Structure formats: C-alpha cells, structure tokens
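Novice: The structure's right below; bear with me while I get my questions together.
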Amino acid sequence: MQKTLLLVDRISTWIGQAFSVCIVLLTLHVTWEVFSRYVLDAPRAWAFDVMIMFYGTLFMMAGAYTLSKNGHVRGDVLYGFFTPRTQAALDLTLYIIFFIPGVIALTYAGFYYAADSWRINEHSTITYEGPPVYPFKTVIPLAGAILLAQGLVEIIRCVICLKNGEWPSREADVEEVDVVKLKEMVNVKDEDIAKLDSLISPAERAK
C-alpha cells in the first residue's frame, strides 16, 4: 500500500514540476511584452490573455503536487497541537464532506466546459484577436482528475494514521530551510555568530 501511495505522490510531483516551466514561459512572455510595448512601441493585444492562461495552467496543475507535499494553506493554530489520530480524523472528515464532492464537481463541470469550448472553437473575447481558449479549458478536468487521485491517496493516509497512530511517510522534496538544523550541520553555535557580530562596526551595520 505504501508503495502505491508513494507512486501517486511521484506522479503528482512529476506533473507539478513539469508544469513549473510555465513560470519561466510567463516570465519571458511578460519581459518581452514590456520591451515590445515601451521600447518597440508594438504592444500585442493578446498578451494579457496568454499571461492568464500560463498562470492559470500553473495554478491548476500544481494543485495535486502541493497536496502531495501537504503544502496547502491550513489554519493550524490548533491543528499542530493535536495528536496524529485527531489530525487524521479531522482531515478525513473535511476530505469526505468538502474536498471529494468539490473536486468531482470541478472535474465533471470542467469536462463539459472543455468539450463545449472545443466544439465551438472558442477564442478569448477580451481582445479583438484573442487566442484560442479550448486548450486552457482542457486543463480544468485534467487538473481535477489528478487532484482527485491525490485526494484519494490522502484519504488512505488518514485511515492508516487512524489505525497506526502516526502519519505514513511522503515523498521528500524541496523544503524550507530549518535554521536550527543548518547550524547543527555546519557546527555553528549562537556564541560564534555573536562574536562575528561584535566584529562589525556600528557604521557598517547602519549600511
């Protein structure tokens, strides 16, 4: 079972990392548009549409990736003090009541939105030369399906935690720097940092 859970995690991670290229494409696109608009005096009417599509695609396709890393925003003022079993019971309840119905609705409605968009060869109406919208709308059901698969994995994790009393492992990925652990790794103490700070003159600190 754990191998299956980690396999779905790896798929979600791979998809999220693959679509992270949208950040690069969006940056290049915005940079060129600014240059084209203010230097070449040749703005493109469809540039804003493309910006929305790049960002929307990244946002949707990174949903399962973020869920696999337990990285979605949570109001955990109290959650962090709960035992793993209590956390799992709370998560499981919320997944069943809100997450699963919401994602199924997103996937179902998104499929018909995309199908209608392809059928009418839909283009953006924000500008007179708007780009095609149907590839972008196709992302909606795809992202929903991937998110649903990852959500089912998280539900299984909750059940395992309720049974064993501890959370099963996840795929490791980029994490925020833990300052305490970093100090331990490089054998640096707070006293050493304080000594270095004392060597800096007040004038240099003001800079």
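Novice: Got a sec? How would THR57, THR107 order by Cβ neighbour count within 10 Å, fewest to most?
Specialist: On the way: THR57 21, THR107 18.
The fewest-first ordering by Cβ neighbours comes to THR107, THR57.
Novice: Restricting to DSSP loop positions (anything but H, G, I, E, B) with no more than 15 other Cβ atoms inside 10 Å of their own Cβ, which trypsin sites (Lys or Arg not before Pro) remain in region 57-165? If you can, show how the numbers build up before the last one.
Specialist: Details: sites: LYS69, ARG74, ARG85, ARG119, LYS137, ARG157, LYS163; in loops: LYS69, ARG74.
Of the trypsin sites (Lys or Arg not before Pro), the ones in loops of region 57-165 whose Cβ has at most 15 other Cβ atoms within 10 Å are ARG74.
Novice: Along each principal axis of its Cα atoms, how long is the chain end to end? Whole angstroms, biggest number first, please.
Specialist: 66, 59, 29
Novice: Quick check for the chain: number of Lys pairs with alpha-carbon distance under 21 Å, counting only pairs 8 or more apart or on different chains? Provide the component values of the computation, followed by the final result.
Specialist: Values: LYS3/LYS69; LYS3/LYS163; LYS69/LYS181; LYS181/LYS189; LYS181/LYS195; LYS183/LYS195; LYS195/LYS207.
The number of close lysine pairs in the chain is 7.
Novice: Give, rounded to the nearest 20 debye, the magnitude of the charge dipole that region 24-158 has about its Cα centre when Lys and Arg contribute +1 at Cβ and Asp and Glu contribute -1 at Cβ. Please report the intermediate quantities before stating the final value.
Specialist: Working: 8 positive and 9 negative charges, 75 e Å.
I would put it at about 360 debye.
Novice: Sticking with this structure for a sec: With 10 angstrom as the radius, rank SER124, SER12 by how many other C-beta atoms surround their C-beta, starting from the fewest. The partial results should precede the final answer.
Specialist: Details: SER124 19, SER12 25.
Listed from fewest to most nearby Cβ atoms, that is SER124, SER12.
Novice: Further question: Could you list which residues have their amide H under 5 Å from that of HIS123, counting only those 5 or more apart in sequence or on another chain, with H placed in the peptide plane?
Specialist: VAL133
Novice: Rank the residues MET185, MET51 as a footprinting-exposure proxy: fewest other Cβ atoms within 10 Å of their Cβ go first. Could the numbers behind the result be given before it?
Specialist: Details: MET185 9, MET51 14.
Arranged by neighbour count, lowest to highest, MET185, MET51 become MET185, MET51.
Novice: Using each residue's phi in region 105-115, evaluate 6.51 cos²θ - 1.76 cosθ + 1.60 at θ = phi - 60° and report the 3J(HN,Hα) Karplus result to the nearest Hz, with x for Gly and Pro.
Specialist: With coefficients 6.51, -1.76 and 1.60, one gets 4, 4, 5, 5, 5, x, 4, 6, 4, 5, 4 Hz.
Novice: Which distance in Å, rounded to a whole number, links the C-alpha centroids of region 94-128 and region 2-67?
Specialist: Each part's Cα centre sits 19 Å from the other's.
Novice: Along region 32-47, what does the Karplus equation 6.51 cos²θ - 1.76 cosθ + 1.60 (θ = phi - 60°) give for ³J(HN,Hα), rounded to whole Hz, x for Gly and Pro?
Specialist: Each residue's phi maps through the Karplus curve to give 5, 5, 4, 4, 5, 6, 9, 9, 8, 6, 9, x, 10, 5, 8, 4 Hz.
No lab work stands behind these numbers, since they all come straight from the coordinates. The structure presented is a predicted model; accordingly, all values stated were derived computationally and were not measured. Because the Cβ atoms are built from the backbone with ideal geometry, glycine has one as well, and the counts that use them run over all protein chains shown.
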